[in-house]
Amino acid sequence: MEMEAKKKVLSCIQPSGMLTLGNYLGALKNWLNMQEEFDCTFAVADLHAITVRQEPAKLRQQIYSTYALMLALGLDPEKSTLFIQSHVAAHSQLAWLLSCYTQFGEMSRMTQFKDKSAKHADNVNVGLFSYPVLMAADILLYKPDFVPVGADQKQHLEIARDIAERFNGIYGDVFTIPDPYIPKIGARVMSLQDPTKKMSKSDENLNSWVAILDNPDDIMRKFKRAVTDSEARVCIGEEKHGINNLIGIYSAVTGKTAEQITAEFEGKGYGDFKLAVGEAVVEELRPIRERYEAIIKDKAALEELYRNGAQKAEYVARKTLSKAMKKVGFVL
Ligand code: ATP
Ligand code: LTN
């Protein structure tokens, strides 16, 4: 019997600071789960990171660190293609092409642009505006079937699909139309201090987010201080944003359902529950942090891996870019 080709997956993550438990549960953990079943390509989206001003030395450090974290997580360069976005020029090249097939009006509706331009009012640059076009290029170059992301990226993925459909509508079958892959649990991890807001590494309140690389003491402290409510019953409730979030985190880490969690903590207080969530998170993240510390020390090995990864990615990306350019009428 002929082996069916594996379906393809692509995703990227920005090296824009310490990655959080939200990034982990919303995106990275799924990448790992998909690695065996799919043909996966994952990148550090460094080009996206400069849509907000970055300090050069810090950006460089974060690119290394994000790549090392992908390895520490268990992503395997033998099985998946792991690379750094700016190393494959086709991303910027296709982004330019696609920007000429994207309307100003549709970009203006992107909620992330509205949020980020309000937050960085002194630097509302054109890159921040056209960011979803570059993201569409990242995706379409690799013809993925699925793109695993957190819920906040859904709108960007829809635009990528619209752009691809428009382009295919004019020129024939160039791009695959990708489907989002958003986890049922963990797609939207909320701030521990204001659980109506998404957990974000750019939040100034350091108790509001847990970094994947935080040490166990810090993780426990942050969970102990997590905002809850006055009802003192561990169950999902419409107004129980803090507890809902902690149940979501505990469920994503342990695989238990909300009902099982409610049963487990029947008759116990929030104090016990917070400790249990903290401990589960500490144990989930411990091996990642330990592997990370070993990997980040060996820059030469890292460099070899990301160079090989870029070569593999380049091969695929070039083919798609050439096809798109030919269709448009460029002389190759
Ligand atoms: P910022 O918080 O600074 O706005 P970000 O963390 O949203 O940045 P990325 O680092 O690019 O931006 O996000 C990488 C992935 O993590 C995306 O797929 C995103 O959907 C997911 N993600 C980010 N925050 C959360 C969260 N709180 N819950 C679930 N998924 C998240
Ligand atoms: N915009 C995404 C990061 C990102 C991405 C991508 C995700 C850049 N390119 C391609 C999926 C596919 C973010 O901010 N989370």
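Throughout, read-outs are computed from the coordinates displayed, never taken from laboratory work. For clarity, every value in this text was computed on a predicted model and none was experimentally measured. All Cβ positions, glycine included, derive from the backbone under ideal geometry; neighbour counts span all protein chains shown.
Values computed for the structure shown
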| item | result |
| --- | --- |
| Residues within segment 213-253 that are polar (S, T, N, Q) and without any contact (Cβ under 8 Å) to a residue 24 or more places away in the chain, tallied | 1 |
| Number of positions in segment 183-237 that are more than 10 Å from ligand 1 (Cβ to nearest atom) and under 18 Å from E279 (Cα atoms) | 23 |
| Pair list, Cβ < 7 Å and 6+ apart or interchain, from segment 52-70 residues that are free of Cβ contacts under 8 Å to residues at least 60 places away in the same chain to residues that are charged (D, E, K, R) and assigned to a helix (DSSP H, G or I) | I63/D46 |
| Some residue of segment 17-31 being of a type in the set (G, A, S) and surrounded by fewer than 23 Cβ atoms within 10 Å (Cβ to Cβ) | yes |
| Count of segment 5-60 residues which are more than 12 Å from ligand 2 (Cβ to nearest atom) and among the hydroxyl-bearing types (S, T, Y) | 1 |
| Failed condition for I63, given (1) more than 16 Å from ligand 2 (Cβ to nearest atom); (2) closer than 26 Å to D122 by Cα | (1) |
| Test: residue in segment 114-123 that is over 23 Å from K327 (Cβ atoms), away from ligand 1 (no atom under 13 Å from the Cβ), in a loop (DSSP other than H, G, I, E, B) and without any contact (Cβ under 8 Å) to a residue 40 or more places away in the chain | yes |
| Out of Q112, Q93, Q103, Q61, sole residue that is within 17 Å of the chain's Cα centre (by Cα) and of a type outside the set (A, V, I, L, M, F, W, C) | Q112 |
| Residue that is nearest to ligand 2 (Cβ to nearest atom), among those in segment 179-199 that are outside any strand (DSSP E or B) and more than 23 Å from V227 (Cα to Cα) | I182 |
| Helices (runs of 4 or more DSSP H) contained entirely in segment 1-113, each with at least 1 residues that are farther than 20 Å from L128 by Cα and more than 10 Å from ligand 1 (Cβ to nearest atom) | 29-34, 56-73 |
| Lone unmet requirement of (1) surrounded by 16 or more Cβ atoms within 10 Å (Cβ to Cβ); (2) more than 19 Å from the chain's Cα centre (by Cα) for Y131 | (2) |
| Residue that is farthest from N23 (Cα to Cα) [pool: residues in segment 141-156 that are within 8 Å of ligand 2 (Cβ to nearest atom) and assigned to a helix (DSSP H, G or I)] | H156 |
| Residues of segment 242-288 classified as closer than 16 Å to I212 by Cβ and under 21 Å from the mean Cα position of the chain (by Cα), total | 10 |
| All positions within segment 234-279 that are aromatic (F, W, Y) and closer than 17 Å to M220 by Cα | Y250, Y270, F273 |
| Number of positions in segment 157-176 that are part of a helix (DSSP H, G or I) and either of a type in the set (F, W, Y) or out of contact with any helix residue (DSSP H, G or I) (no Cβ under 9 Å at 6 or more places or on another chain) (or both) | 7 |
| Identity of the residue in segment 305-325, free of Cβ contacts under 8 Å to residues at least 12 places away in the same chain and more than 24 Å from the chain's Cα centre (by Cα), that ends up farthest from L94 (Cα to Cα) | K319 |
| Count of residues meeting criterion [more than 28 Å from M325 (Cα to Cα) and either more than 9 Å from ligand 1 (Cβ to nearest atom) or in contact with a Gly (Cβ under 6 Å, 6 or more places away or on another chain) (or both)] in segment 143-182 | 2 |
| Hits in segment 94-124 - residues which are loosely packed, with under 14 Cβ neighbours inside 10 Å, over 27 Å from Y142 (Cβ atoms) and within 15 Å of ligand 2 (Cβ to nearest atom) | K114, D115, K119 |
